[in-house]
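Structure first, commentary second.
The values are calculated or read from the model by the stated rules, or taken from the named source; none is laboratory data. The structure presented is a predicted model; accordingly, all values stated were derived computationally and were not measured. Neighbour counts run over all protein chains shown; Cβ positions are idealised from the backbone, glycine included.
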Amino acid sequence: MTTSTTVNAQQYDLRILRALRRITRSIALHSRQLAAVSHITAPQLMCLRTVIASAPITATAISREIHVSPSTVVGILDRLEDKGLVRRERSREDRRTVFVTATPAGMALAEEAPSPLQKHLAEALNALPELEQATITLSLERIVALMEQGGQAAPPEPHGEGATAILEVPTTGPAPESGLVV
């Protein structure tokens, strides 16, 4: 690798790191704003919506779905249960298994709460052509996969029966304006 190639790679490294830090900071700020308005954090809302979509569901299954450690999910479920938004019940077949379901109050809050994604970002993404949305999604998933290859995190589990982690990319429509091609 030449000196100029190394310098270029380092510039990309710094740009990517800065972008990831800005994303992380923005997500944390939005989560605090969401908590102030809806009395629920973004991770709690993600967990609650996962429970509603897949109930009854175990804490382990929730952790795989939202990519958070099982111990973190248990803490989130404790807070959701304290607020009366979810209910935990032991399985009749195997008492070691605990299933989580949403309460009517939890379902109402999940319906009324704003998106855990910043409203202006969600609107801007929805306004993009589907191909560009897919390109952004694939790029972010690729970054995650590259980070996970380095041993920094466990690889994601496929979602649902026979599902793959690969996003189906639309092959019609104009190319993304960003210049990225899938």
In region 83-129, the residues that are over 19 Å from Val37 (Cβ atoms) and exposed (fewer than 13 other Cβ atoms within 10 Å of the Cβ): Glu89, Arg90, Ser91, Arg92, Glu93, Asp94, Arg95, Arg96, Pro104, Ala124, Asn126, Ala127
Check on Pro43, of a type outside the set (Gly, Ala, Ser), in contact (Cβ under 8 Å) with a residue 24 or more places away in the chain and in contact with an Asp or Glu (Cβ under 8 Å, 6 or more places away or on another chain): no
Among the candidates Thr58, Thr50, Thr97, Thr103, residue that is polar (S, T, N, Q), farther than 26 Å from Ile143 by Cα and free of Cβ contacts under 8 Å to residues at least 24 places away in the same chain: Thr103
Members of region 98-112 that are part of a strand (DSSP E or B) and at pLDDT 95 or above: Phe99, Val100, Thr101, Ala102
Answer from Ile62, Ile16 - the residue that is at pLDDT below 90, of a type in the set (Val, Ile, Thr) and closer than 21 Å to Ala145 by Cα: Ile16
Test: residue in region 45-58 that is within 22 Å of Met147 (Cβ to Cβ), surrounded by 10 or more Cβ atoms within 10 Å (Cβ to Cβ), modelled with pLDDT of 90 or more and in contact with a Pro (Cβ under 9 Å, 6 or more places away or on another chain): yes
So Val68, is it touching a helix residue (DSSP H, G or I) at 6+ places or on another chain (Cβ under 6 Å) and surrounded by 10 or more Cβ atoms within 10 Å (Cβ to Cβ): no
